Amino acid sequence: MDATLVAIIAAVVKSAIVIAALLTIFAYMTLIERRVLARFQRRVGPNRAGPFGLLQPLADGMKMAFKEQIIPTRARRLVFVIAPSISVFVALAAFAVVPLGSPTAWGSSPTARAWAPLVADVNVGILYILALSSLAVYGIVLGGWSSGNHYSLLGALRSAAQMVSYEVSIGLAIAGVLMFAGTLSMVGIVQAQVQQGIWFILAQPLGFILYFIAATAEVNRAPFDLPEAEQELVAGYLTEFSGLRWSLYQMSEYINMITAASVAATLFFGGWTLGGLDGIPGIPFVWYTIKVAVVLFVFIWMRATLPRIRYDQLMRLGWQLLLPLAVLNLVVTAAVVAFDVPWWISTIFSLIVLAIGGIVYYVRRRRVEPSAQPSDEALRLALPTSVRLVRIDSSASAATARQPAEVSPN
Amino acid sequence: MPDYVPVLILMGLALAFAILVTLVTFVFGPKKPTPEKLAPYECGIEEIEPPRQRFPVKYLTTGMLFIIFDVEAAAILPLAILMRQLKVLGFVELLIFAVVLIVPFFYVWRKGAFTWE
């Protein structure tokens, strides 16, 4: 067999594996997210379908497939039908350049390289991911616009403005890493980290935090999930979608999340490497998976912890804070790289910026809080009777519970 | 074989998957449309006006700003990856670039393009 044929077969097989794997991970991410969120809220979560609820995604999928697919009369039918597919196509395609292991894992002959654990080692890797993640906005905007519904349209517009705003910050935040790496290729970035003996998060803590915030907003996750803010917009751009079309949007959201986590792992956490512990075949994939899983867990954690922010706050954060900080980070990193000073200078700079940010935040909170905190009297008048009673009960029981502890000194 | 062929293959498979699922949506599931079911969702009340009308110009402003700043961000990337080789020249270049980016940025800030109240 000649090398080209092998390469094409390998590409088809690997692409099929990547797509199947992403869909499986998506299905189980929904389960994991529900279970983890439930634990955060002291509930159990779905655990009836199969052991530990492991068959729940399957049951959900079946249910979705057999739901009625409603196309509202006012919808633009063609756009309404293809919009979810645009979303999911873009999300799947963006994963092509993510390296799951060393490209020379199976040797360096052309045939062995064809089976390398990534679909394609493109020399503009990270740019390709950025480009496709900007396209993700099309699926959402077209879907919301074509629904012919107020909520959908508002959700779509918000989402468009939000995603394009944070796109800028992502591009500038990762430029610092690219200066250290000197390449756009995802494989090259990981190899640069091995060569320089550091993970780039050590040199770029500020860059990482900017990237992480912007990426959360980019994939519309809490606390930036304004396009689907339930309390104000029903379900935002998803309002009129039902059954599998709705699933397609969920799918693209979760796959985008996995891609964002993979980019974070590759750019900032050394991708598939961990010290020198990646020589054995198969082990790099484990490191990669662990790193991505940790980042994904943080996404869920943030959803459980942080309340959704207001739209004007969102735009202010994106344009007036993240963007200037990203440019500042860029200039300082450029100085460090261009004048060839040790990498930890940029770390110190990042930590100083983060410390100043923390202090400003703390001071502002101290200043705002006394007035924002209602007095006990105001609170008592504002609450309905039932809640008032519960509050009095709980404070009374807390008082009685405290007393014995105070009496017994030893 | 060029590097991009596997990417195209993955895109092809992803497209096939998307089309397949979209076709499947027409096959399964009951089809019992009623006028109420097909009406736009409006929390159960009658709709007053259709949604396709004028919306705040803010969104357009944001879109225009995005094009300007994102093109600049994309133009920084080639400079960024060559920074180690360009050394001082690259740094000066980047400073000029940053000034070109920051001056209009504060201009549109003062003009109130980022204020959403």
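Details
- Per-residue shielding of A:68-74, expressed as the average number of other chain Cβ atoms within 10 Å of the residue Cβ, stands at 6.
- Förster radius 51 Å - calculated FRET efficiency between A:A59 and A:R367 (Cβ-Cβ, nearest 0.05): 0.50
- Theoretical FRET efficiency, 1/(1+(r/R0)^6), r = Cβ-Cβ of B:V103 and A:L354, R0 41 Å, to 0.05: 0.95
- Chain B against chain A buries an accessible area of about 6700 Å², both chains summed, 1.4 Å probe radius.
- Label sites at A:D312 and A:L328, each approximated as a point 7 angstrom past Cα along Cα to Cβ, lie 2.4 nm apart.
- Net charge of neighbours whose Cβ lies under 11 Å from the Cβ of A:P223, counting Lys and Arg as +1 and Asp and Glu as -1: +3
- Given charges at beta-carbon only (K, R positive; D, E negative), |dipole| of chain A in Debye: 920 debye
- Percent RCO, i.e. relative contact order, over the stretch A:98-160, from Cα pairs under 8 Å lying at least 6 residues apart: 22 percent
- Per residue, the solvent-accessible area of chain A (1.4 Å probe, heavy atoms of protein chains only, all protein chains present) comes to 45 Å².
- Eligible lysines near A:K63 by straight Cα distance, threshold 27 Å, same-chain separation 8 or greater: B:K31, B:K32, B:K37
- Taking label positions 7 Å along the Cα-Cβ direction at both B:I68 and A:F40, the computed distance is 3.7 nm, reported to one decimal.
- Kyte-Doolittle mean at least -1.0 and Cα axial length at least 30 Å: DSSP H helices in chain A: A:3-40, A:125-146, A:150-181, A:243-268, A:283-305, A:344-372, A:385-407
- Across all C-alpha atoms in the stretch B:2-111, the radius of gyration and Dmax reach 25.0, 70 Å.
- Mean per-residue shielding of peptide B:20-31 is 6, counting Cβ atoms of other chains within 10 Å of each Cβ.
- Comparing mean-square fluctuations of A:G144, A:G125, A:G188 from a GNM of chain A with C-alpha springs under 10 Å, the top value falls on A:G188.
- Simple spin-label estimate for A:Q196 and A:L5 in nanometres, 7 Å along Cα-Cβ: 4.4 nm
- Chain B - mean residue ellipticity at 222 nm from DSSP helices (-39,500 (n - 2.57) per run, n ≥ 4, rounded to 500): -23500 deg cm²/dmol
- In a simple Cβ point-charge model (Lys, Arg +1; Asp, Glu -1; nothing else charged), the stretch B:2-111 has a dipole of about 160 debye relative to its Cα centre.
- Given charges at Cβ of Lys, Arg, Asp, Glu: the stretch A:69-368 dipole, positive-most of A:A304, A:V164, A:T259: A:A304
- Look at the dipole of the stretch A:69-368 built from charges on Cβ: of A:V363, A:S346, A:G143, the Cα furthest out on the positive end belongs to A:V363.
- The stretch A:69-368, relative contact order [Cα under 8 Å, separation at least 6], %: 24 percent
- Test item: A:155-162 mean partner chain Cβ contacts at 10 Å: 3
- Secondary-structure-derived ellipticity at 222 nm for chain A, considering helices only, amounts to -23500 deg cm²/dmol, per-run term -39500 (n - 2.57) for DSSP H runs with n ≥ 4.
- The stretch A:1-57 shape via C-alpha gyration tensor axes, a/c threshold 1.5: prolate
- More than 32 Å apart - percent of Cα-Cα pairs taken over the protein assembly as shown: 50 percent
- Efficiency of FRET between B:A75 and B:E36 - r from beta-carbon atoms, R0 60 angstrom, step 0.05: 0.70
The values are calculated or read from the model by the stated rules, or taken from the named source; none is laboratory data. A quick note: this is a predicted structure, and the numbers were derived from the prediction, not measured. Virtual Cβ from ideal backbone geometry, glycine too; neighbours counted across all protein chains shown. To get the accessible areas, we keep the full protein, side chains included, count just its heavy atoms, and leave off ligands, DNA and RNA. Shrake-Rupley method; radii C 1.70, N 1.55, O 1.52, S 1.80 Å.
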